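*Asks:* Got a structure for you, questions after.
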Amino acid sequence: MFASKKSPRRLWFALAIVVATGCGESEPANDQPWQIDPGSLRPVSGTITLQGKPLSKAVVAFFSKSGVPSVGESGDDGRYTLQSMNMDGAPPGEYKVAISYYLSPDGEPQGLAARSAMVQSEAMLSARESLPPEYADANRTKLRAAVGDKGGEFNFDIQATPQPPEKQPPGSVQPETEGRRTSKPPDTDGEKSPTNEGTP
């Protein structure tokens, strides 16, 4: 999935932006390789629910000032575990959190595997973000997390109704940018909203 010999870190960043904001055009501010100390990573996990019920194939991305995003996907039980640069965990610090839930016109959720596939399925190509920007947009999300020295458990309950895209008539072409947000990397200096605090 991240087998690019040229720039695996850039691909990791692109995937994080895709899953969090629907934008695949943003890149690191410079071409210097990212550095992350594996020893600094702490276990981070949690549960994503939709109005109290476990939500499967939701993608969660934690964004910090370091610029290195941490990403996870919820299972059938709503549980997710974060990874940073393909390594388990996330460094301690303050994070903006975006939760993305892509749906096809048939209501089929598209998780990390579908989003990062070299050849995307018709369902993924027609899928659109179904959650409002206060959850899914990395620059407008109201979700926050503070990862402590021992990591943390962060549970998020989405109080919104996912909206799948409308089915298109046979032979019609759906605009590529419809429902996909174009965004610069998230501003982590914005004012904080109420947080989902982890337990160090």
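Every number in this text was worked out from the coordinates using simple rules, so none of it is lab data. No experiment lies behind these values; they were computed from the predicted model shown. Cβ placement follows ideal geometry from the backbone for every residue including glycine, while neighbour counts extend to all protein chains displayed.
*Asks:* Using only the Cα atoms, what convex hull volume per residue in Å³ does the range 56-104 have? If you can, show how the numbers build up before the last one.
*Replies:* Details: hull volume 4.1 nm³, N = 49.
Cα convex hull per residue, to the nearest whole number: 84 Å³.
*Asks:* I need D37, D137 ordered by Cβ neighbour count within 10 Å, fewest first.
*Replies:* Details: D37 7, D137 20.
Exposure proxy ranking, most exposed first: D37, D137.
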